[in-house]
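Everything on this sheet refers to the single structure shown next.
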Amino acid sequence: AQTDIPEELKKTAQEMRVQLMESVAETDDALLEKYLDAQELSSEELRQGIRGGVLRGKLFPILYGSATRLIGVPQLLDAIVDYLPSPVDEGEFQGKNPVTGEIEKRLPDPTGPLAAYVFKTIIDPFAGKLSVMRVISGRIATDMGLYNPNKQLKEKIGQMFKLEGKKQEVVREASAGEIVAAAKLKDVSSGDTLCEERAPIQFDGPPHFSPLISFALEPKTKADEEKVPQGLHRIMEEDPTIELHRDEETRDFILSGMGQQHVEIIVEKLKRKYGAEVILKAPKVPYKETIRGRASAQGKLKKQSGGRGQYGDTWLKIEPLPHGKGFEFVDEVVGGAIPRNYIPAVEKGVREAMAGGVLAGYPMVDVRVTLYDGSYHDVDSSDMAFKIAGSLGFKNAVEKAKPVILEPIMTLEVTVPDDCMGDVIGDLNSRRGKVLGMETKGHSQVIKARVPMSEVLKYAQDLRSITSGRGEFHMEFSHYEELPPHLAERVVKEAKARQAAGSLQEHKA
């Protein structure tokens, strides 16, 4: 609803209207001449002037409102119609011939060859998957056969709808300039082109934006754990800016999005549409363990009870490998000290001990283990006994081989305005970051740095705060480095506390 401007704001409103008229007049010589003569522009002249300025890229209207309170929404819709370019204003659309690779153009002509661009995907609870498309040229109709050059597949149009909010009106055809949704095109994704096979064309897809922030998802119940990946994969069809993977080491679902609010909206949609409830948590840092020294140790299992006992005896030496080499197991047993059939069991025990870590429960990497001696019992030895002996020997050796914790290091590329560069660099230094270099990009500075992952788990919010929302960044994994001793102590302490809490829960159960 509209209302009169309050008396105390009328003067301010008039001053701002004058500023608006001046800004619009400056983009058009005819309007400028009229404004200088009459000191006034009519509402229609303002509307046409703003539209012309927008089409020429000289004016950028800003509207205020609240979608949740439905304030300013009708004005926004009117502004889209009044000021933004229609397909006719856009003129020809440029694409590429997927067969020849040559540039091709399409006019918004309903009599031309069909070409449509899919810009959105909706998963509807009743109609299923809806591919929302803009018809660039030609006409599209139900039962029409089409070609998808992005996937190199043929498609057939079934039901089509014209969307008006939640209302879906069934239509049989649409022509250039119209927006329609086609149901159940299972191989079509946002960014795909649909065209006639005899006149192929492919339009550029949307720019790819890498997610900026990640959270671990903890399903509330066992039933939720099954629903989470199914629901999120459906949501990902609608929103290609989110990513989901399961961390192989922590076993957490990791959901990545463009910001904290974006991720929270996805989680709310997951609950509302798919009935899966999760708790958002900062993702666990995938630390690793390794050794810096060499050591030898015995691992021996000897149990005697009434019947058959358990006996396995191993001597192992361990040494560090170069970064990225993983694990090597060397068999140097001679003289039958350990029968050949038990050697694989020893290696299995060592591998299991490495997977569970020794210091803080994180996987151990870049270690060579050599089995060089041991003993066995004709009756009491078994695969199980030698597996346990191998595990014990490895753990005993690690304790003497200067074990350390490794932390993941990320490469960060931060783009910020010139006036924020000092604050951003200072912040990166406070996060144990190493600035690698800087370069100018337009009116911005691009800062390249390496920072430990544990220091940038919530960097998106922090950068937004430092730059007042004017900064952006891209982050990817670089390598692992040794965690400083004082921080390693804290990680070990936290790991032992978690293990103690887990043991207590098991005991109560």
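The values are calculated or read from the model by the stated rules, or taken from the named source; none is laboratory data. As the structure is a prediction and not an experimental result, all values here were calculated from the model. All Cβ positions, glycine included, derive from the backbone under ideal geometry; neighbour counts span all protein chains shown.
Among the residues of the stretch 81-108, the ones that are out of contact with any Phe, Trp or Tyr (no Cβ under 9 Å at 6 or more places or on another chain), farther than 20 Å from Gly57 by Cβ and surrounded by fewer than 16 Cβ atoms within 10 Å (Cβ to Cβ) come to 6 in all.
With Val135, Val180, Val188 as the choices, which residue is surrounded by 13 or more Cβ atoms within 10 Å (Cβ to Cβ), free of Cβ contacts under 8 Å to residues at least 60 places away in the same chain and either touching a Leu at 6+ places or on another chain (Cβ under 6 Å) or closer than 17 Å to Phe203 by Cα (or both)? Write out each step before concluding.
On the way: Val180 fails: either touching a Leu at 6+ places or on another chain (Cβ under 6 Å) or closer than 17 Å to Phe203 by Cα (or both); Val188 fails: free of Cβ contacts under 8 Å to residues at least 60 places away in the same chain.
Just a single option satisfies the conditions, and that option is Val135.
Residue-wise test of (1) assigned to a strand (DSSP E or B); (2) within 27 Å of the chain's Cα centre (by Cα); (3) charged (D, E, K, R).
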{"site": "Ala116", "(1), (2), (3)": "yes, no, no"}
{"site": "Phe119", "(1), (2), (3)": "yes, yes, no"}
{"site": "Lys129", "(1), (2), (3)": "yes, yes, yes"}
{"site": "Ala182", "(1), (2), (3)": "yes, no, no"}
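Determine if the stretch 303-319 includes at least one residue that is modelled with pLDDT under 95 and under 46 Å from the mean Cα position of the chain (by Cα). Checked against the condition, which is being modelled with pLDDT under 95 and under 46 Å from the mean Cα position of the chain (by Cα), the stretch 303-319 yields no hits at all.
Looking at Val330, Val334, Val358, which one is of a type in the set (Val, Ile, Thr) and surrounded by 16 or more Cβ atoms within 10 Å (Cβ to Cβ)?
Val358
The residue that is nearest to Val285 (Cα to Cα), among those in the stretch 331-372 that are without any contact (Cβ under 8 Å) to a residue 12 or more places away in the chain and of a type in the set (A, V, I, L, M, F, W, C), is Ala355.
The residues of the stretch 430-469 that are modelled with pLDDT of 95 or more, under 21 Å from the mean Cα position of the chain (by Cα) and among the charged types (D, E, K, R), listed by number, are Lys448, Arg450. Can you pull out the residues in the stretch 236-261 that are modelled with pLDDT under 85 and either small (Gly, Ala, Ser) or within 14 Å of Lys458 (Cα to Cα) (or both)? Within the stretch 236-261, Ser256, Gly257, Met258, Gly259, Gln260, Gln261 meet the criteria. Condition first: within 23 Å of Val24 (Cα to Cα) and loosely packed, with under 10 Cβ neighbours inside 10 Å. Now tell me which residues in the stretch 57-79 satisfy that. Selection gives Gly57, Phe60, Ile62, Tyr64. Look at Gly390 and say whether it is in a helix (DSSP H, G or I), exposed (fewer than 15 other Cβ atoms within 10 Å of the Cβ) and not basic (Lys, Arg). Taking the combined requirement at face value, the residue does not satisfy it. Exactly one residue out of Glu169, Glu155 is out of contact with any Gly (no Cβ under 8 Å at 6 or more places or on another chain) and in a strand (DSSP E or B), and it is Glu169.
Of all residues in the stretch 271-279, one or more are in a loop (DSSP other than H, G, I, E, B), outside the structural domain of Gly361 (by TED's automatic domain parsing) and either touching a strand residue (DSSP E or B) at 6+ places or on another chain (Cβ under 8 Å) or under 19 Å from Val358 (Cα atoms) (or both).
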